[in-house]
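Here the structure is laid out as structure tokens; the discussion comes afterwards.
The values are calculated or read from the model by the stated rules, or taken from the named source; none is laboratory data. Note that the structure is predicted; figures quoted are calculated from it, not measured. Glycine also receives a Cβ, built like all others from the backbone with ideal geometry; neighbour counts cover every protein chain displayed.
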Amino acid sequence: MQHLEDGIIHALIDEELEPDERAATEEHLATCASCTARLKRQRTVTGEADELLVVLDDEPVAQRAYSPPGRDTVSHGPPVVLVPAGAIDAHRRRRRIQGLAAAAMLVVASGAGWFALQGPPPEEGTLPAAAESRVAASDPEVSTEQAAAPSATSGFADTNAASAPMETDQSRRDLADGSPNPRTVPPPANPERTASNNVPSERPTAAARQQSQTPAQDRAVPASARDEAARRERVNAAAEVSRATEPAPAAAAPVPALVTAPSSGEPVGRIGLDVAERMLGGPVHVIDGLRVSEIRSVSGRDVRGADRSRNVVRVIYRGPDGGEIFLDQQRSTGGDGDPVFGAAGWQLGTVRLRLTGDVTNDSLNTLVGKVR
Amino acid sequence: MTDVGQLFRLYHAPLVRMLQRRLGDRDRAEELAQETFARAVQSPPDNPRPWLFAVALNLVREDARRNERQGRRLTLLKADETTSPAPDAVFERREQQARVRAALDRLSARDREALLLKAEGFSYEEIAEALGLARGAVGTTLARARKRLVEAYGAKERGEHAAS
């Protein structure tokens with residue numbers, strides 16, 4: 001039996017084989033364990049080589065948000081009517097809950113300082129009872145089932161709801177890396193955008209994200225002394241986070257670098273057209289007639305139905321009412337498993353796509369037809 | 001001029017990134033990118049993306065030949081040592097970048113360029129056009145390049161760990 005050449009294996013990995021070549025190659029792989037093992041090894045080598053090249057990047061090159069020339073926010077046809085959706089991405093719901101928890105922690109941390117002024121200082125690592133009860137009251141535990149199940153009152157079902165305020169773009173960016181919601185912490189007056197980096201001011205680092213996620217754990221009463229010590233440590237860390245995220249002085253902090261997703265090593269956050277094209281191995285798909293607000297790279301782990309080992313390119317559109325539409329895109333692996341985005345997605349070339357947003361299903365179906 | 005403006009908007013950033021990865025010098029990468037677009041103004045290309053990157057890579061080769069003739073070698077780490085000491089994380093990253101760049105330098109020019117173009121999302125067709133290869137040879141070139149880069153980097157890392 002003649003085995004596959006390395007060039008063919010890599011062309012398969014890069015999805016560069018003609019359909020008949022691909023079919024023949026896959027037929028061979030179905031019966032050749034040796035070539036299947038080589039394919040797996042070469043995929044690993046390809047991934048490692050890609051990650052090494054990314055290491056060479058010092059800082060993001062000046063990004064220019066892509067805007068097709070001569071196109072208005074809404075072109076031909078009636079404007080898209082943005083009405084509350086019945087179900088939203090569970091990821092957005094989880095992020096909002098994390099943001100509320102982080103915001104509540106800030107309130108508690110501020111309250112702890114106020115209580116300290118009023119009476120004896122609290123024992124290190126504990127919050128005053130009143131503050132703890134506020135934390136418990138404002139951050140109800142949400143089970144995985146609740147987070148995953150669509151709810152009639154979830155998302156933007158009630159645009160006037162005070163309990164579930166709509167996320168702004170700024171709040172989503174802050175929530176994405178776990179730092180406090182800016183509705184409780186006012187942003188700097190003039191967030192800095194350097195000439196060489198148009199990435200807006202983002203609160204950085206996996207460390208800060210980890211710290212801000214501790215509030216949920218602090219609500220439980222520890223069973224042992226060791227747990228109590230660990231809980232005190234987390235509370236102190238959360239207090240540090242709240243002090244660190246107080247409003248900045250007039251001179252804004254420098255824009256931090258993009259964080260990377262631990263699963264893929266790819267950048268996470270706002271990206272330019274060129275980075276998006278590189279991630280997709282080809283042109284970025286857009287909705288004809290709508291103006292792109294932003295392009296983001298999102299970890300595959302945070303997008304339902306996506307390949308968790310790679311990032312998703314998310315093209316974001318914003319309507320006049322503040323609603324959003326996401327055109328998620330991820331390169332198709334063509335493997336035997338479920339296709340990316342499952343039945344909700346469709347394929348253009350080598351890219352799988354899915355459209356979600358704050359619009360009716362009819363509007364979404366119309367927009368699907370406009371994706372180019 | 002509008003067309004070149006659009007080319008600039010679309011391709012300046014990835015061109016600079018590719019050049020920066022190749023050269024390890026952001027300023028020089030920007031200069032060569034500017035020179036590339038200047039040439040595009042003089043002779044607007046029909047198929048801009050592979051043309052721009054091919055011209056840029058030619059400029060890199062000319063740059064390297066010129067530097068060798070002048071006996072000048074750019075060593076970024078040495079230049080950095082003259083400035084104030086960098087935080088540990090920054091220093092470690094620079095060391096890692098130097099290792100990757102050294103591994104990249106172990107590749108042949110063609111293998112290296114194919115790898116850099118693929119990293120910028122070029123198709124096999126475009127890589128073949130930019131580098132003057134047969135399309136059927138691109139997969140083999142990339143297979144070799146990836147394997148050698150990973151092996152060279154691994155050998156460099158092992159060598160440094162053994163030394164420390």
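Can you name the residue in the range B:1-19 that is more than 7 Å from chain A (Cβ to nearest Cβ) and of a type outside the set (A, V, I, L, M) and, of all such residues, is nearest to residue B:121 (Cα to Cα)?
Of everything passing the filter in the range B:1-19, B:11 is nearest to residue B:121 (Cα to Cα).
Just give me the residues in the range B:118-138 being surrounded by 12 or more Cβ atoms within 10 Å (Cβ to Cβ) and more than 11 Å from chain A (Cβ to nearest Cβ), in sequence order.
Residues satisfying the conditions are B:129, B:130, B:131, B:133.
Among (1) more than 11 Å from chain A (Cβ to nearest Cβ); (2) modelled with pLDDT of 85 or more; (3) part of a helix (DSSP H, G or I), where does residue B:78 come up short?
(2)
Which of the residues that make up the range B:29-52 are touching a residue at least 24 places away in the same chain (Cβ under 8 Å) and within 13 Å of chain A (Cβ to nearest Cβ)?
B:49, B:52
Test of understanding: among B:95, B:113, which residue is in contact (Cβ under 8 Å) with a residue 40 or more places away in the chain, among the acidic types (Asp, Glu) and either part of a helix (DSSP H, G or I) or out of contact with any Leu (no Cβ under 8 Å at 6 or more places or on another chain) (or both)?
B:113
Can you find, within the range A:277-296, the residue that is surrounded by the fewest Cβ atoms within 10 Å (Cβ to Cβ) among those that are within 9 Å of chain B (Cβ to nearest Cβ) and not in a loop (DSSP other than H, G, I, E, B)?
Among residues in the range A:277-296 that are within 9 Å of chain B (Cβ to nearest Cβ) and not in a loop (DSSP other than H, G, I, E, B), the one surrounded by the fewest Cβ atoms within 10 Å (Cβ to Cβ) is A:280.
Go through the range A:2-44 and count every residue that is farther than 21 Å from residue A:349 by Cα and away from every other protein chain (no Cβ under 14 Å).
From the range A:2-44, those farther than 21 Å from residue A:349 by Cα are A:2-7, A:27-42, A:44; that's our starting set.
Those still in the list that are away from every other protein chain (no Cβ under 14 Å) too: A:2, A:27-34, A:36-37, A:40.
Of the residues in the range A:2-44, 12 are farther than 21 Å from residue A:349 by Cα and away from every other protein chain (no Cβ under 14 Å).
Looking at residue A:315, is it of a type in the set (A, V, I, L, M, F, W, C), modelled with pLDDT under 85 and outside any loop (DSSP other than H, G, I, E, B)?
No, not satisfied.
Quick grid of which residues meet (1) closer than 13 Å to residue A:11 by Cα; (2) touching a helix residue (DSSP H, G or I) at 6+ places or on another chain (Cβ under 9 Å); (3) at pLDDT 95 or above; (4) part of a helix (DSSP H, G or I):
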residue	(1), (2), (3), (4)
B:101	no, yes, no, yes
B:126	no, yes, no, yes
B:136	yes, yes, no, yes
B:139	yes, yes, yes, yes
B:145	no, yes, yes, yes
B:148	no, yes, yes, yes
B:155	no, yes, no, yes
B:158	no, no, no, yes
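When you check residue B:22 against the structure, is it touching a Phe, Trp or Tyr at 6+ places or on another chain (Cβ under 8 Å), in a helix (DSSP H, G or I) and of a type in the set (Lys, Arg), yes or no?
Criteria not met by residue B:22.
All but one of (1) surrounded by 18 or more Cβ atoms within 10 Å (Cβ to Cβ); (2) touching a Gly at 6+ places or on another chain (Cβ under 9 Å); (3) more than 29 Å from residue B:7 (Cβ to Cβ) hold for residue A:304; which doesn't?
Exception for residue A:304: condition (1).
When you scan the range A:7-28, how many residues do you find that are buried (at least 17 other Cβ atoms within 10 Å of the Cβ) and free of Cβ contacts under 8 Å to residues at least 60 places away in the same chain? Give the derivation first.
Applying the first criterion (buried (at least 17 other Cβ atoms within 10 Å of the Cβ)) to the range A:7-28 yields A:7-17, A:25.
With the extra rule that they be free of Cβ contacts under 8 Å to residues at least 60 places away in the same chain, the set shrinks to A:7-13, A:16-17, A:25.
Of the residues in the range A:7-28, 10 are buried (at least 17 other Cβ atoms within 10 Å of the Cβ) and free of Cβ contacts under 8 Å to residues at least 60 places away in the same chain.
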